[in-house]
Amino acid sequence: MSKVTGKSEMIENVEFSPADPSKVAERVRAVADQSIEQSKEIFSKLSSDAETAQTAVKSTFEMARSTGNELLVRTLAALQANAEAGFTHLEALVAVKSPSEFLELQAAFLRKQIENSAEHAKAIQALMLRASEDVSKPIKDAFEKAWEIRKAA
């Protein structure tokens with residue numbers, strides 16, 4: 001280092017060693033390679049997360065469709081049973097001989113229909129409860145997995 005004096009101030013010359021162009025290029029290349037690798041890792045994680053989310057959504061829709069079909073089948077079976085019971089009851093009413101027998105048949109029929117309706121409602125409630133758990137499970141599992149991965153990172 002050398003000192004150069006001027007009119008009223010002193011200026012210090014600082015000597016810089018010339019930069020080696022090959023080392024600079026090497027360093028730039030290393031930083032670029034590192035950035036590319038990080039970008040690949042991030043893309044890979046995003047791609048994996050997207051696949052997990054897609055699988056969860058697909059599974060959720062499949063479960064919802066399956067449950068909807070089961071609900072439809074049960075409802076149609078209940079409606080068919082009600083229609084058959086109604087026709088059977090109508091046949092029994094046609095053969096009635098007295099008002100007391102009519103009232104007795106009618107009361108028994110209504111009691112049975114109420115019991116059947118209650119059983120059907122319980123079955124539907126159980127199905128819907130199971131469906132809500134089954135439908136939400138894939139999404140819940142995907143979020144829990146993603147949360148654990150993010151916590152670990």
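Please state, to two decimals, what the Cα-based radius of gyration of the range 26-68 comes to when divided by 2.2 N^0.38 Å (N = residues).
The reported ratio for this selection is 2.02.
Starting from the Cα of LYS137, draw a straight line to each of the lysines and keep only those under 23 Å, dropping any in the same chain fewer than 8 residues away.
Of all the lysines, those that pass the test against LYS137 - Cα under 23 Å, at least 8 places apart if same chain - are LYS45, LYS58, LYS122, LYS145, LYS151.
Under the definition of Cα pairs under 8 Å and six or more residues apart, what whole-number percent is the relative contact order of the chain? Intermediate results must be reported in sequence, preceding the final value.
Values: 51 pairs, mean separation 46.0, N = 153.
Rounded, it is 30 percent for the chain.
Take the solvent-accessible surface of the protein heavy atoms, probe 1.4 Å, and return the percent of it on the chain that carbon and sulfur atoms account for.
Result for the chain: 62 percent of the exposed heavy-atom area is carbon or sulfur.
Compute the semi-axes of the equivalent ellipsoid of the range 77-153, taking the square root of 5 times each eigenvalue of the Cα gyration tensor, and list them largest first in whole Å.
That gives 53, 10, 4 Å for the three semi-axes.
May I ask you to evaluate 6.51 cos²θ - 1.76 cosθ + 1.60, the Karplus curve with θ = phi - 60°, for each residue of the range 24-32 and list the ³J(HN,Hα) values in order in whole Hz, giving x for glycine and proline?
5, 4, 4, 5, 4, 4, 5, 5, 5
Quick one: how many Å² of GLU133 are accessible to a 1.4 Å probe, rounded to 10?
110
With springs only between Cα atoms under 10 Å, which of LYS23, LYS58, LYS112 fluctuates most in a Gaussian network model of the chain?
Of LYS23, LYS58, LYS112, the most mobile in the Gaussian network model is LYS23.
Can you sort THR67, THR75, THR88 by 1.4 Å-probe accessible area, starting with the largest?
THR88, THR75, THR67
Could you work out the percent of alpha carbon pairs in the range 12-153 separated by over 18 Å, rounded to a whole number? Show your work: numbers first, answer last.
Working: 7635 of 10011 pairs.
Distances greater than 18 Å cover 76 percent of the Cα pairs.
Among THR67, ALA56, ASN82, whose Cα sits farthest toward the positive end of the charge dipole of the range 39-92 (+1 at Cβ of Lys/Arg, -1 at Cβ of Asp/Glu, about the Cα centre)?
Looking along the dipole axis, the top candidate is ALA56.
Rounded to the nearest whole Å², what accessible area per residue is found for the range 38-123 with the 1.4 Å probe? Walk me through the numbers before you get to the answer.
Working: 6630 Å² over 86 residues.
Here the per-residue accessible area is 77 Å².
Give me the distance in nm between label points sitting 7 Å out from Cα along the Cα-to-Cβ direction at SER66 and ASP20, one decimal.
If labels sit at SER66 and ASP20, their model points lie 6.5 nm apart.
Looking at the chain as a GNM with Cα springs under 10 Å, which of ARG29, ARG130, ARG111 has the largest mean-square fluctuation?
The residue with the greatest mean-square fluctuation here is ARG29.
The values are calculated or read from the model by the stated rules, or taken from the named source; none is laboratory data. Just so we're clear, the structure is a prediction, and the values are computed from it rather than from any experiment. For neighbour counting, all protein chains shown are included, and Cβ atoms are generated from backbone atoms with ideal geometry for every residue, glycine included. Accessible surface areas use protein heavy atoms only, side chains included; no ligands, DNA or RNA. Shrake-Rupley method; radii C 1.70, N 1.55, O 1.52, S 1.80 Å.
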